[in-house]
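Data first, discussion second: the structure below is written as C-alpha coordinates.
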Amino acid sequence: MLKPIELSKGVYWVGAVDWNVRDFHGYTTNRGSTYNAYLVKSDKTALVDTVKAGFFPEMVSRIEAIMDPGEIDYLIVNHVEMDHSGALPLFMERFPRVRLVATDNGIKALQRHYRKEWAIEKVKTGAEISLGDKTLLFLEAYMLHWPDSMFTYLKEDHILLPNDGFGQHYASYNRFDDENPLETVMDEAAKYFANILMPLAPLIPPLLKKVIKLGIPIDMIAPSHGVIWRSHPNKIIQAYMDWSNGVAQDRVLIIYDTMWGSTEKMARSISEGISTAGVENKLLSLRNNHRSDILKEILTSKILVVGSPTLNEGMFPSVAELLFYLKGLRPLKKKGVAFGSYGWGGEAVPAITEAMKGMGFEIIDPGLGVAYVPGPEDVEQCVALGRKIAASL
Ligand code: FEO
(Lines give C-alpha, C1' and ligand atoms only; values in the text may rest on other atoms or scores of the structure.)
Protein backbone atom coordinates (compact mmCIF):
# COMPACT_ATOMS: atom_id res chain seq x y z
CA MET A 1 0.00 0.00 0.00
CA LEU A 2 1.08 3.57 -0.63
CA LYS A 3 3.00 4.92 2.35
CA PRO A 4 2.20 8.27 3.95
CA ILE A 5 3.68 11.09 1.91
CA GLU A 6 5.58 13.90 3.63
CA LEU A 7 4.65 17.39 2.35
CA SER A 8 7.14 19.09 4.65
CA LYS A 9 8.75 18.04 7.92
CA GLY A 10 5.98 16.70 10.17
CA VAL A 11 3.15 17.21 7.64
CA TYR A 12 1.87 14.05 5.94
CA TRP A 13 -0.74 12.99 3.43
CA VAL A 14 -2.57 10.05 5.04
CA GLY A 15 -5.64 9.89 2.77
CA ALA A 16 -6.91 7.31 0.31
CA VAL A 17 -6.93 6.79 -3.46
CA ASP A 18 -10.29 5.74 -4.93
CA TRP A 19 -9.26 4.33 -8.30
CA ASN A 20 -12.63 2.96 -9.32
CA VAL A 21 -15.22 5.59 -8.44
CA ARG A 22 -16.94 6.60 -11.69
CA ASP A 23 -20.03 8.35 -10.31
CA PHE A 24 -19.56 10.97 -7.62
CA HIS A 25 -23.07 12.03 -6.60
CA GLY A 26 -24.09 12.26 -10.27
CA TYR A 27 -20.78 13.67 -11.54
CA THR A 28 -18.68 11.36 -13.72
CA THR A 29 -15.23 10.71 -12.29
CA ASN A 30 -13.55 9.12 -15.28
CA ARG A 31 -10.14 9.29 -13.63
CA GLY A 32 -11.27 8.23 -10.12
CA SER A 33 -10.58 10.43 -7.10
CA THR A 34 -8.69 10.72 -3.84
CA TYR A 35 -9.83 11.71 -0.34
CA ASN A 36 -6.94 13.60 1.14
CA ALA A 37 -6.50 13.65 4.91
CA TYR A 38 -3.44 15.34 6.41
CA LEU A 39 -1.55 14.65 9.62
CA VAL A 40 0.24 17.63 11.20
CA LYS A 41 2.68 16.48 13.86
CA SER A 42 4.56 18.51 16.44
CA ASP A 43 4.43 18.25 20.28
CA LYS A 44 0.74 17.76 19.67
CA THR A 45 -0.81 16.27 16.54
CA ALA A 46 -3.79 17.21 14.39
CA LEU A 47 -5.54 15.21 11.71
CA VAL A 48 -7.13 17.52 9.16
CA ASP A 49 -10.24 15.84 7.68
CA THR A 50 -10.79 12.13 7.20
CA VAL A 51 -11.86 10.04 4.20
CA LYS A 52 -14.97 8.36 2.78
CA ALA A 53 -16.21 5.74 5.29
CA GLY A 54 -15.06 2.68 3.32
CA PHE A 55 -11.49 3.95 3.27
CA PHE A 56 -11.18 4.24 7.07
CA PRO A 57 -8.84 1.20 7.43
CA GLU A 58 -6.61 2.56 4.65
CA MET A 59 -6.29 5.96 6.36
CA VAL A 60 -5.64 4.38 9.78
CA SER A 61 -2.91 2.13 8.42
CA ARG A 62 -1.16 5.17 6.90
CA ILE A 63 -1.35 7.02 10.23
CA GLU A 64 -0.04 3.93 12.02
CA ALA A 65 3.07 4.05 9.84
CA ILE A 66 3.82 7.39 11.57
CA MET A 67 2.27 7.16 15.04
CA ASP A 68 -0.44 5.62 17.18
CA PRO A 69 -3.72 7.18 15.91
CA GLY A 70 -5.01 7.04 19.47
CA GLU A 71 -2.45 9.72 20.37
CA ILE A 72 -3.85 12.30 17.91
CA ASP A 73 -4.99 15.40 19.83
CA TYR A 74 -7.21 17.21 17.32
CA LEU A 75 -9.41 16.24 14.40
CA ILE A 76 -10.02 19.35 12.30
CA VAL A 77 -13.26 19.21 10.31
CA ASN A 78 -12.76 21.54 7.35
CA HIS A 79 -15.94 20.22 5.69
CA VAL A 80 -18.70 17.82 6.74
CA GLU A 81 -19.67 16.35 3.35
CA MET A 82 -19.37 12.60 3.71
CA ASP A 83 -16.46 12.09 1.34
CA HIS A 84 -14.41 13.86 4.06
CA SER A 85 -16.27 13.07 7.27
CA GLY A 86 -17.60 9.59 6.46
CA ALA A 87 -14.78 7.94 8.45
CA LEU A 88 -15.12 10.43 11.34
CA PRO A 89 -17.66 8.46 13.44
CA LEU A 90 -15.49 5.33 13.06
CA PHE A 91 -12.46 7.33 14.15
CA MET A 92 -14.32 8.77 17.17
CA GLU A 93 -15.49 5.32 18.20
CA ARG A 94 -12.03 3.79 18.00
CA PHE A 95 -9.97 6.77 19.17
CA PRO A 96 -12.30 8.73 21.51
CA ARG A 97 -9.51 10.82 23.04
CA VAL A 98 -9.33 13.08 19.96
CA ARG A 99 -10.90 16.54 20.18
CA LEU A 100 -13.07 17.72 17.28
CA VAL A 101 -12.69 21.24 15.85
CA ALA A 102 -15.13 22.85 13.39
CA THR A 103 -16.90 26.10 12.50
CA ASP A 104 -20.27 26.88 14.06
CA ASN A 105 -21.97 25.64 10.89
CA GLY A 106 -19.67 22.61 10.92
CA ILE A 107 -20.85 21.70 14.43
CA LYS A 108 -24.49 21.92 13.34
CA ALA A 109 -23.81 19.86 10.22
CA LEU A 110 -21.94 17.18 12.21
CA GLN A 111 -24.87 16.90 14.61
CA ARG A 112 -27.36 16.60 11.72
CA HIS A 113 -25.24 13.98 9.98
CA TYR A 114 -24.23 11.74 12.88
CA ARG A 115 -26.57 12.54 15.85
CA LYS A 116 -23.79 12.13 18.42
CA GLU A 117 -23.14 14.08 21.62
CA TRP A 118 -19.55 14.93 20.76
CA ALA A 119 -17.84 17.91 22.42
CA ILE A 120 -16.69 20.05 19.49
CA GLU A 121 -14.45 23.11 19.73
CA LYS A 122 -15.84 26.00 17.69
CA VAL A 123 -13.41 28.14 15.68
CA LYS A 124 -13.86 31.32 13.67
CA THR A 125 -11.69 33.11 11.11
CA GLY A 126 -8.38 34.07 12.73
CA ALA A 127 -8.52 31.45 15.50
CA GLU A 128 -5.32 29.47 16.03
CA ILE A 129 -4.31 26.20 17.66
CA SER A 130 -0.67 25.73 18.59
CA LEU A 131 0.72 22.22 18.29
CA GLY A 132 4.21 23.25 19.48
CA ASP A 133 6.42 24.45 16.67
CA LYS A 134 3.44 24.29 14.29
CA THR A 135 0.36 26.51 14.35
CA LEU A 136 -3.01 25.93 12.71
CA LEU A 137 -4.77 29.11 11.56
CA PHE A 138 -8.43 28.84 10.58
CA LEU A 139 -10.30 30.73 7.91
CA GLU A 140 -14.04 30.27 7.45
CA ALA A 141 -14.97 29.73 3.79
CA TYR A 142 -18.74 30.10 4.07
CA MET A 143 -20.54 28.56 1.07
CA LEU A 144 -17.32 27.39 -0.58
CA HIS A 145 -18.99 25.20 -1.06
CA TRP A 146 -21.10 24.45 2.03
CA PRO A 147 -21.97 26.72 4.99
CA ASP A 148 -19.53 24.75 7.16
CA SER A 149 -16.53 24.96 4.80
CA MET A 150 -13.26 26.10 6.33
CA PHE A 151 -9.63 26.44 5.24
CA THR A 152 -6.81 25.48 7.61
CA TYR A 153 -3.44 27.17 7.14
CA LEU A 154 -0.18 25.82 8.54
CA LYS A 155 1.62 29.01 9.56
CA GLU A 156 5.20 27.78 9.82
CA ASP A 157 5.01 25.49 6.76
CA HIS A 158 3.09 27.96 4.55
CA ILE A 159 0.67 25.21 3.50
CA LEU A 160 -3.00 25.91 2.82
CA LEU A 161 -5.46 23.05 3.36
CA PRO A 162 -8.61 24.36 1.61
CA ASN A 163 -10.56 21.09 1.50
CA ASP A 164 -12.65 21.00 -1.73
CA GLY A 165 -11.18 24.28 -3.01
CA PHE A 166 -8.58 23.77 -5.79
CA GLY A 167 -9.40 20.03 -5.86
CA GLN A 168 -9.68 17.61 -8.75
CA HIS A 169 -11.23 14.17 -9.07
CA TYR A 170 -8.03 12.52 -10.18
CA ALA A 171 -6.64 9.25 -8.83
CA SER A 172 -2.89 8.90 -8.83
CA TYR A 173 -0.20 7.47 -6.58
CA ASN A 174 1.81 10.56 -7.45
CA ARG A 175 0.64 13.05 -4.87
CA PHE A 176 2.16 16.26 -6.27
CA ASP A 177 1.27 18.40 -9.29
CA ASP A 178 4.77 18.17 -10.78
CA GLU A 179 4.62 14.37 -10.76
CA ASN A 180 1.50 14.25 -12.96
CA PRO A 181 0.63 15.55 -16.45
CA LEU A 182 -0.26 19.16 -15.67
CA GLU A 183 -2.69 19.56 -18.57
CA THR A 184 -4.74 16.59 -17.34
CA VAL A 185 -4.72 17.84 -13.76
CA MET A 186 -5.84 21.33 -14.89
CA ASP A 187 -8.54 19.73 -17.00
CA GLU A 188 -9.91 17.89 -13.96
CA ALA A 189 -9.59 21.06 -11.84
CA ALA A 190 -11.70 22.92 -14.43
CA LYS A 191 -14.32 20.17 -14.46
CA TYR A 192 -14.41 20.24 -10.65
CA PHE A 193 -14.83 24.02 -10.59
CA ALA A 194 -17.53 23.95 -13.29
CA ASN A 195 -19.65 21.33 -11.55
CA ILE A 196 -19.10 22.20 -7.89
CA LEU A 197 -17.99 25.80 -7.47
CA MET A 198 -19.31 27.73 -10.48
CA PRO A 199 -22.58 28.88 -8.83
CA LEU A 200 -20.53 30.27 -5.94
CA ALA A 201 -18.01 32.04 -8.17
CA PRO A 202 -18.82 35.58 -6.90
CA LEU A 203 -17.66 34.54 -3.41
CA ILE A 204 -14.25 33.29 -4.56
CA PRO A 205 -12.33 36.48 -5.47
CA PRO A 206 -13.29 38.20 -2.16
CA LEU A 207 -12.15 35.14 -0.21
CA LEU A 208 -8.86 34.92 -2.10
CA LYS A 209 -8.35 38.66 -1.52
CA LYS A 210 -9.02 38.11 2.18
CA VAL A 211 -6.34 35.41 2.23
CA ILE A 212 -3.91 37.74 0.43
CA LYS A 213 -4.75 40.55 2.92
CA LEU A 214 -3.81 38.27 5.80
CA GLY A 215 -0.31 38.42 4.37
CA ILE A 216 0.20 34.69 4.64
CA PRO A 217 2.66 33.20 2.18
CA ILE A 218 1.33 30.12 0.39
CA ASP A 219 4.05 27.74 -0.78
CA MET A 220 1.76 24.75 -1.16
CA ILE A 221 -1.98 24.16 -1.58
CA ALA A 222 -3.10 20.76 -0.38
CA PRO A 223 -6.75 20.17 -1.30
CA SER A 224 -8.89 17.23 -0.25
CA HIS A 225 -9.18 15.75 -3.75
CA GLY A 226 -6.47 15.05 -6.28
CA VAL A 227 -2.91 16.30 -6.37
CA ILE A 228 -1.17 18.75 -4.07
CA TRP A 229 -0.13 22.04 -5.70
CA ARG A 230 3.56 22.18 -4.83
CA SER A 231 5.07 23.61 -8.01
CA HIS A 232 2.09 25.48 -9.47
CA PRO A 233 0.04 27.03 -6.60
CA ASN A 234 -0.11 30.36 -8.43
CA LYS A 235 -1.35 28.70 -11.62
CA ILE A 236 -4.39 27.18 -9.89
CA ILE A 237 -5.07 30.42 -7.94
CA GLN A 238 -5.00 32.39 -11.21
CA ALA A 239 -7.25 29.82 -12.89
CA TYR A 240 -9.75 30.18 -10.02
CA MET A 241 -9.68 33.97 -10.37
CA ASP A 242 -10.29 33.66 -14.13
CA TRP A 243 -13.06 31.07 -13.87
CA SER A 244 -14.72 33.08 -11.08
CA ASN A 245 -14.75 36.15 -13.32
CA GLY A 246 -16.19 34.32 -16.35
CA VAL A 247 -12.94 34.46 -18.32
CA ALA A 248 -13.14 31.87 -21.15
CA GLN A 249 -11.39 31.09 -24.42
CA ASP A 250 -12.34 32.21 -27.93
CA ARG A 251 -14.03 28.89 -28.49
CA VAL A 252 -17.53 27.85 -29.50
CA LEU A 253 -19.22 24.82 -28.03
CA ILE A 254 -22.03 23.20 -29.99
CA ILE A 255 -24.23 20.85 -27.98
CA TYR A 256 -27.14 19.00 -29.48
CA ASP A 257 -29.41 16.00 -29.48
CA THR A 258 -31.11 14.60 -32.56
CA MET A 259 -33.99 12.26 -33.42
CA TRP A 260 -33.50 11.39 -37.11
CA GLY A 261 -30.21 13.14 -37.80
CA SER A 262 -31.57 16.50 -39.00
CA THR A 263 -30.49 18.54 -35.98
CA GLU A 264 -27.12 16.77 -36.12
CA LYS A 265 -26.77 17.75 -39.78
CA MET A 266 -27.48 21.36 -38.81
CA ALA A 267 -24.90 21.12 -36.00
CA ARG A 268 -22.22 19.93 -38.42
CA SER A 269 -23.02 22.69 -40.90
CA ILE A 270 -22.89 25.37 -38.18
CA SER A 271 -19.54 23.91 -37.08
CA GLU A 272 -18.33 24.11 -40.68
CA GLY A 273 -19.25 27.81 -40.82
CA ILE A 274 -17.41 28.51 -37.55
CA SER A 275 -14.38 26.49 -38.68
CA THR A 276 -14.12 28.21 -42.06
CA ALA A 277 -14.01 31.50 -40.14
CA GLY A 278 -10.96 30.12 -38.34
CA VAL A 279 -12.54 29.81 -34.90
CA GLU A 280 -11.99 26.81 -32.63
CA ASN A 281 -15.17 24.89 -31.94
CA LYS A 282 -16.31 21.59 -30.46
CA LEU A 283 -19.34 19.52 -31.37
CA LEU A 284 -20.74 17.36 -28.57
CA SER A 285 -23.78 15.10 -28.76
CA LEU A 286 -25.79 14.76 -25.57
CA ARG A 287 -26.20 11.06 -26.35
CA ASN A 288 -22.46 10.50 -25.97
CA ASN A 289 -21.31 13.06 -23.43
CA HIS A 290 -22.25 13.35 -19.77
CA ARG A 291 -23.49 16.71 -18.55
CA SER A 292 -20.63 16.99 -16.03
CA ASP A 293 -18.07 16.70 -18.87
CA ILE A 294 -20.04 19.18 -20.97
CA LEU A 295 -20.00 21.68 -18.09
CA LYS A 296 -16.22 21.81 -18.16
CA GLU A 297 -16.39 22.70 -21.87
CA ILE A 298 -19.02 25.37 -21.18
CA LEU A 299 -16.80 26.91 -18.47
CA THR A 300 -13.94 27.35 -20.91
CA SER A 301 -15.93 28.43 -24.02
CA LYS A 302 -17.27 31.92 -24.68
CA ILE A 303 -20.17 30.83 -26.88
CA LEU A 304 -22.69 28.04 -26.40
CA VAL A 305 -24.74 26.86 -29.40
CA VAL A 306 -27.56 24.51 -28.42
CA GLY A 307 -29.51 22.34 -30.85
CA SER A 308 -32.68 20.39 -30.22
CA PRO A 309 -35.44 18.82 -32.26
CA THR A 310 -38.94 19.90 -31.27
CA LEU A 311 -40.72 17.15 -29.38
CA ASN A 312 -44.22 17.45 -27.91
CA GLU A 313 -44.20 21.24 -28.36
CA GLY A 314 -40.94 21.69 -26.51
CA MET A 315 -37.26 20.89 -26.49
CA PHE A 316 -35.85 17.36 -26.32
CA PRO A 317 -35.67 16.03 -22.70
CA SER A 318 -31.87 15.64 -22.77
CA VAL A 319 -31.50 19.31 -23.81
CA ALA A 320 -33.94 20.41 -21.09
CA GLU A 321 -31.95 18.42 -18.52
CA LEU A 322 -28.70 20.08 -19.52
CA LEU A 323 -30.22 23.58 -19.42
CA PHE A 324 -31.83 22.89 -16.04
CA TYR A 325 -28.47 21.74 -14.65
CA LEU A 326 -26.69 24.70 -16.23
CA LYS A 327 -29.18 27.21 -14.78
CA GLY A 328 -28.36 26.04 -11.24
CA LEU A 329 -24.64 26.47 -11.93
CA ARG A 330 -25.12 30.13 -12.95
CA PRO A 331 -22.62 30.50 -15.81
CA LEU A 332 -21.14 33.97 -16.27
CA LYS A 333 -20.58 36.11 -19.38
CA LYS A 334 -21.78 33.64 -22.02
CA LYS A 335 -23.16 34.22 -25.48
CA GLY A 336 -25.64 31.80 -27.01
CA VAL A 337 -27.65 30.68 -30.02
CA ALA A 338 -30.28 27.94 -30.52
CA PHE A 339 -31.06 25.79 -33.52
CA GLY A 340 -32.98 22.64 -34.39
CA SER A 341 -35.18 20.79 -36.81
CA TYR A 342 -38.92 20.35 -36.34
CA GLY A 343 -41.92 18.84 -38.08
CA TRP A 344 -44.71 21.38 -37.61
CA GLY A 345 -44.44 23.35 -34.35
CA GLY A 346 -40.81 24.46 -33.98
CA GLU A 347 -41.10 25.40 -30.28
CA ALA A 348 -37.67 24.11 -29.24
CA VAL A 349 -35.57 26.97 -30.67
CA PRO A 350 -37.49 29.81 -28.95
CA ALA A 351 -37.69 27.77 -25.74
CA ILE A 352 -33.90 27.31 -25.67
CA THR A 353 -33.38 30.98 -26.50
CA GLU A 354 -35.63 32.00 -23.60
CA ALA A 355 -33.79 29.63 -21.25
CA MET A 356 -30.47 31.19 -22.28
CA LYS A 357 -31.84 34.71 -21.79
CA GLY A 358 -33.00 33.65 -18.33
CA MET A 359 -29.39 32.74 -17.51
CA GLY A 360 -28.15 36.15 -18.64
CA PHE A 361 -26.72 34.99 -21.98
CA GLU A 362 -26.17 37.53 -24.72
CA ILE A 363 -28.18 36.13 -27.64
CA ILE A 364 -26.22 36.35 -30.89
CA ASP A 365 -29.10 35.44 -33.22
CA PRO A 366 -32.83 34.68 -32.74
CA GLY A 367 -31.99 31.09 -33.72
CA LEU A 368 -32.53 28.83 -36.68
CA GLY A 369 -35.27 26.25 -37.16
CA VAL A 370 -35.49 23.93 -40.16
CA ALA A 371 -38.62 21.97 -41.13
CA TYR A 372 -38.02 18.23 -41.32
CA VAL A 373 -34.76 17.46 -43.18
CA PRO A 374 -32.25 20.23 -44.05
CA GLY A 375 -31.89 20.77 -47.80
CA PRO A 376 -28.98 22.52 -49.55
CA GLU A 377 -30.47 25.98 -48.85
CA ASP A 378 -30.87 25.12 -45.15
CA VAL A 379 -27.30 23.86 -44.98
CA GLU A 380 -26.20 27.20 -46.44
CA GLN A 381 -28.18 29.02 -43.75
CA CYS A 382 -26.49 26.92 -41.05
CA VAL A 383 -23.04 27.66 -42.47
CA ALA A 384 -23.93 31.36 -42.55
CA LEU A 385 -25.09 31.17 -38.93
CA GLY A 386 -21.75 29.56 -38.08
CA ARG A 387 -19.93 32.47 -39.69
CA LYS A 388 -22.09 34.96 -37.78
CA ILE A 389 -21.34 33.14 -34.50
CA ALA A 390 -17.59 33.23 -35.26
CA ALA A 391 -17.78 36.92 -36.09
CA SER A 392 -19.42 37.70 -32.73
CA LEU A 393 -16.26 36.74 -30.83
FE1 FEO B 1 -15.33 16.76 -1.41
FE2 FEO B 1 -17.91 18.89 -0.66
O3 FEO B 1 -16.94 17.30 -0.61
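The values are calculated or read from the model by the stated rules, or taken from the named source; none is laboratory data. On a predicted model such as this, the values are computed, not experimentally measured, just so you know. Cβ: placed from backbone, ideal geometry, glycine included. Neighbour counts: every protein chain shown. These area figures cover heavy atoms from the full protein model, side chains too; ligands, DNA and RNA do not enter into them. Shrake-Rupley method; radii C 1.70, N 1.55, O 1.52, S 1.80 Å.
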- Looking at the stretch 74-97, which of its residues are open to solvent by less than 20 Å² (accessible area, probe 1.4 Å) and within 16 Å of the ligand (Cβ to nearest atom)? Ile76, Val77, Asn78, His79, Val80, Asp83, His84, Ser85, Gly86, Ala87, Leu88
- Item | Within the stretch 98-112, considering residues that are closer than 26 Å to Leu160 by Cα and open to solvent by 70 Å² or more (accessible area, probe 1.4 Å), the one farthest from the ligand (Cβ to nearest atom) | Arg99
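Report, by residue number, each residue of the stretch 53-80 that is of a type in the set (Val, Ile, Thr) and without any contact (Cβ under 8 Å) to a residue 40 or more places away in the chain. Steps first, answer last, please.
Applying the first criterion (of a type in the set (Val, Ile, Thr)) to the stretch 53-80 yields 60, 63, 66, 72, 76-77, 80.
Within the stretch 53-80, Val60, Ile72 meet the criteria.
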- Condition set assigned to a loop (DSSP other than H, G, I, E, B), at pLDDT 95 or above and open to solvent by less than 10 Å² (accessible area, probe 1.4 Å), scope the stretch 124-164, selection farthest from Tyr12 (Cα to Cα): answer is Asp148
- Please find, within the stretch 128-164, the residue that is farthest from the ligand (Cβ to nearest atom) out of those that are small (Gly, Ala, Ser) and farther than 22 Å from Asp83 by Cβ. Gly132
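Is it true that Gly167 is away from the ligand (no atom under 14 Å from the Cβ) and not polar (S, T, N, Q)?
On the way: away from the ligand (no atom under 14 Å from the Cβ): no; not polar (S, T, N, Q): yes.
For Gly167, the condition - away from the ligand (no atom under 14 Å from the Cβ) and not polar (S, T, N, Q) - is not met.
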- Task: Working only within the stretch 30-57, note down all residues that are touching a strand residue (DSSP E or B) at 6+ places or on another chain (Cβ under 7 Å) and closer than 17 Å to Ile196 by Cα.
- Result: Gly32, Ser33, Thr34, Tyr35
- Message: List the residue pairs whose Cβ atoms are under 9 Å apart, where the first residue sits in the stretch 174-185 and is within 12 Å of Ile236 (Cα to Cα), the second is charged (D, E, K, R), and the two are 6 or more positions apart or on different chains.
- Response: Asp177/Arg230; Asp177/Lys235; Leu182/Lys235; Val185/Asp177
- Note on the structure: Turns out the strands (runs of 3 or more DSSP E) fully within the stretch 3-53 with at least 3 residues that are away from the ligand (no atom under 13 Å from the Cβ) are 5-8, 11-13, 38-41, 45-48
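Every residue, every condition in (1) in contact with a Gly (Cβ under 6 Å, 6 or more places away or on another chain); (2) more than 24 Å from Gly246 (Cα to Cα); (3) not assigned by TED's automatic domain parsing to the domain that holds Ile270, yes or no:
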residue: Ser341; (1), (2), (3): no, yes, no
residue: Ile352; (1), (2), (3): no, no, no
residue: Gly358; (1), (2), (3): no, no, no
residue: Val383; (1), (2), (3): yes, yes, no
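Out of Asp242, Asp257, report the one residue that is buried (at least 22 other Cβ atoms within 10 Å of the Cβ) and of a type outside the set (A, V, I, L, M, F, W, C).
Details: Asp242 fails: buried (at least 22 other Cβ atoms within 10 Å of the Cβ).
Selected residue: Asp257, the only one of Asp242, Asp257 that is buried (at least 22 other Cβ atoms within 10 Å of the Cβ) and of a type outside the set (A, V, I, L, M, F, W, C).
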- Query: If a residue has to be over 16 Å from the mean Cα position of the chain (by Cα) and farther than 17 Å from Ala16 by Cα to count, how many in the stretch 145-176 make the cut?
  - Reply: 13
- Can you tell me which of Glu297, Glu272 is among the charged types (D, E, K, R), crowded, with 16+ Cβ neighbours inside 10 Å and under 29 Å from the mean Cα position of the chain (by Cα)? Glu297
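Applying the selection to the stretch 234-260, what residues are of a type outside the set (A, V, I, L, M, F, W, C) and without any contact (Cβ under 8 Å) to a residue 40 or more places away in the chain? Don't jump to the end; show me each part of the working.
Our first condition is that a residue be of a type outside the set (A, V, I, L, M, F, W, C); within the stretch 234-260, this holds for 234-235, 238, 240, 242, 244-246, 249-251, 256-258.
Asn234, Gln238, Asp242 - these are the residues of the stretch 234-260 that are of a type outside the set (A, V, I, L, M, F, W, C) and without any contact (Cβ under 8 Å) to a residue 40 or more places away in the chain.
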